[in-house]
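Peer 1: Structure in structure tokens, see below.
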Amino acid sequence: NVVIYMFNFLKKIILITVVFVSTFSLIACDGFIENTNQQSSNDSANNEDELQQKVIGTSQYFDSFVQIHIYHRDTDENMDQLEENVMEILKDLHQLGTWLDDFDGVKNVKTINDNPGRYHVVDERLFDMIQLSIEYYEETNGYFDITLGPVIDVWDNYREDCLAFRQRMAGSSNEEYERDKPFYCRVPSMRELNEANENVGIEGISLIEENNAVMIEEGMKLDLGGIGKGYAAKLVGDYLKTYDTIDSFLVNAGTSNVEVYGDHPFRENKMWYTGLTDPTNQMQRFGSLQITSGDNVTTSGDYQRYYEVNDRRYHHLIDPFTLRPTDHHRSVSLVSSDGSIGDILVTAIFIMPLEEGLEYVNERDGLEAIWYLDSNTIEMSDNFEEMYVRELNLSGIDNADDSNTGLILALLLPGVALVVFSIVSLLYQKGIIKLPFNTKKE
């Protein structure tokens, strides 16, 4: 019984230690979690002279978790109203940009796709997203194409079939799984993709600026997945900037789109830190950046929406020229000054071959990027490292440091000591061991 009690007690201690270490490692290492050295509005006097923090978070929109940290000198009542307004912006843009769902009284992308061949007068924000996408189709030499919907639809159907099969077969025998896998986990034929591509073409979109009217040709499908989240982050940021009582903020749209404004309130260097997700393990990062007010970091990668066939990964970012997912690199992170433009460009740059992407970024002012090629290789644009890199923790990179390892070990040691102390205490209480000194008073 003593052994069982010790075992259960030890498991509880270890669990507490793991949670402790994991939480503080994330807080210390992940630039998207800005909880250190901050004063919550709930813990401070609520007056307009003290800097307070307001955190807004939601997972209702864009299939992502959106989190916003606001540092302000305002009342709770005003910040509560601001939160309602921010949530309304996110909801509106989610509903306008989706091609999957209908909403009462909303003319959105699905409305346009379901009713081709006639004009639809739409919200000015949706019109702006479509117009911006057409402009950047030309700017990116056709790599960013919102009319690729029919081809994307084909890949989405194959991916969903495979993922549904894997879910159904969970727990089945390996023999049964391997027998049926080729029927459900497949890639579309080029014939099928070429047929879908017959309904692709930016020239099939017609716009009337006077009344924000949009029309597409029969068979077309628009997909604003490459701009929607970035556009929403930018509009939220623009709205927050209208408040004189807000000193600074960070908008984090699903870790793939981060925008900062103002100085970081609790760091001497005033910088904001953002993590770079390791595509091979999303719980880790291969480095971090330091950015300043007005910077926006957008990321595209192959590790979020994908399925595998014959050990090859097929992700959701489709090359409009090959009609297939690219395999040039695992992720690209781009620093720019505009979230909506950054979202467009990082999608296009991810699809481009590395040499073309590097040339594209290096030839344009206000853009810098980093490419994660594989577990040992990265590439950076000309000024990226000097301007933005805080640290790199990738094997094979000369300037990698072990600061995070040291930090984690430092956090781990108290937990280990706690476990050892608890075991010794328990054994002593049960009379199994005796201490080398007398703890009782005579």
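Peer 1: Taking segment 177-195 as the search range and keeping residues that are modelled with pLDDT of 95 or more and outside any loop (DSSP other than H, G, I, E, B), which one is most open to solvent (accessible area, probe 1.4 Å)?
Peer 2: Selected residue: R191.
Peer 1: Name the residues in segment 93-125 that are part of a helix (DSSP H, G or I), open to solvent by 40 Å² or more (accessible area, probe 1.4 Å) and touching a helix residue (DSSP H, G or I) at 6+ places or on another chain (Cβ under 7 Å), would you?
Peer 2: Within segment 93-125, just R125 meets the criteria.
Peer 1: On to the next question. Cβ-Cβ below 8 Å, separation at least six or inter-chain, first residue in segment 308-337 and within 16 Å of D223 (Cβ to Cβ), second charged (D, E, K, R) and surrounded by 22 or more Cβ atoms within 10 Å (Cβ to Cβ): which pairs?
Peer 2: P320/D145
Peer 1: Output the residue which, of all residues in segment 68-84 that are free of Cβ contacts under 8 Å to residues at least 40 places away in the same chain and open to solvent by less than 70 Å² (accessible area, probe 1.4 Å), is nearest to V251 (Cα to Cα). Even if it seems obvious, please write down each step before you answer.
Peer 2: Filtering segment 68-84 for residues free of Cβ contacts under 8 Å to residues at least 40 places away in the same chain gives 75-77, 79-81, 83-84.
Okay, now just the ones that are also open to solvent by less than 70 Å² (accessible area, probe 1.4 Å), so 75-76, 79, 83.
Working: T75: 21, D76: 20, M79: 16, E83: 13 Å.
By that ranking, first place goes to E83.
Peer 1: On the given criteria, is R305 open to solvent by 20 Å² or more (accessible area, probe 1.4 Å), under 30 Å from V154 (Cβ atoms) and in contact (Cβ under 8 Å) with a residue 12 or more places away in the chain?
Peer 2: Working: open to solvent by 20 Å² or more (accessible area, probe 1.4 Å): yes; under 30 Å from V154 (Cβ atoms): yes; in contact (Cβ under 8 Å) with a residue 12 or more places away in the chain: yes.
Against the criterion (open to solvent by 20 Å² or more (accessible area, probe 1.4 Å), under 30 Å from V154 (Cβ atoms) and in contact (Cβ under 8 Å) with a residue 12 or more places away in the chain), R305 qualifies.
Peer 1: A further question on this structure: Could you tell me which residue of segment 242-260 is farthest from G275 (Cα to Cα), considering only residues that are polar (S, T, N, Q) and in a strand (DSSP E or B)?
Peer 2: Selected residue: S248.
Peer 1: Now a separate question. If the Cβ limit is 6 Å and pairs must be 6+ apart or interchain, which residue in segment 241-270 that is at positive phi pairs with which residue that is open to solvent by 40 Å² or more (accessible area, probe 1.4 Å) and among the hydroxyl-bearing types (S, T, Y)?
Peer 2: G262/S293
Peer 1: Then there is this: With a cut-off of at least 1 residues that are over 30 Å from L90 (Cα atoms) and of a type in the set (K, R), name the strands (runs of 3 or more DSSP E) lying wholly within segment 310-396. Break it down into steps so the answer makes sense when it comes.
Peer 2: Numbers: elements: 312-315, 331-336, 368-374, 377-380, 389-392.
So the answer is 312-315, 389-392.
Peer 1: So E135 ticks every box in (1) without any contact (Cβ under 8 Å) to a residue 40 or more places away in the chain; (2) over 30 Å from N362 (Cα atoms); (3) open to solvent by 20 Å² or more (accessible area, probe 1.4 Å) but one. Which box is left unticked?
Peer 2: It is condition (2) that E135 fails.
Peer 1: Go through the residues of segment 354-362 one by one and say whether even a single one is open to solvent by 70 Å² or more (accessible area, probe 1.4 Å) and modelled with pLDDT under 95. Walk me through how you get there before you give the answer.
Peer 2: Within segment 354-362, the first condition is being open to solvent by 70 Å² or more (accessible area, probe 1.4 Å), and the residues that meet it are 355, 359.
Next, from what is left, pick out any that are modelled with pLDDT under 95: none.
No, every residue in segment 354-362 fails to be open to solvent by 70 Å² or more (accessible area, probe 1.4 Å) and modelled with pLDDT under 95.
Peer 1: A further question follows. Looking only at segment 156-190, which residues are within 15 Å of R324 (Cα to Cα) and out of contact with any strand residue (DSSP E or B) (no Cβ under 6 Å at 6 or more places or on another chain)? Spell out the reasoning first.
Peer 2: Just the residues of segment 156-190 that are within 15 Å of R324 (Cα to Cα), to begin with: 156-159, 186-190.
Hits for segment 156-190 are D156, N157, Y158, R186, P188, S189, M190.
The values are calculated or read from the model by the stated rules, or taken from the named source; none is laboratory data. Fair warning: this is a prediction, and the values are worked out from it, not measured in the lab. Every residue, glycine among them, receives a Cβ derived from its backbone with ideal geometry; neighbour counts consider all protein chains shown. Note: accessible area is taken over every heavy atom of the protein model, side chains too, but ligands, DNA and RNA are not part of it. Shrake-Rupley method; radii C 1.70, N 1.55, O 1.52, S 1.80 Å.
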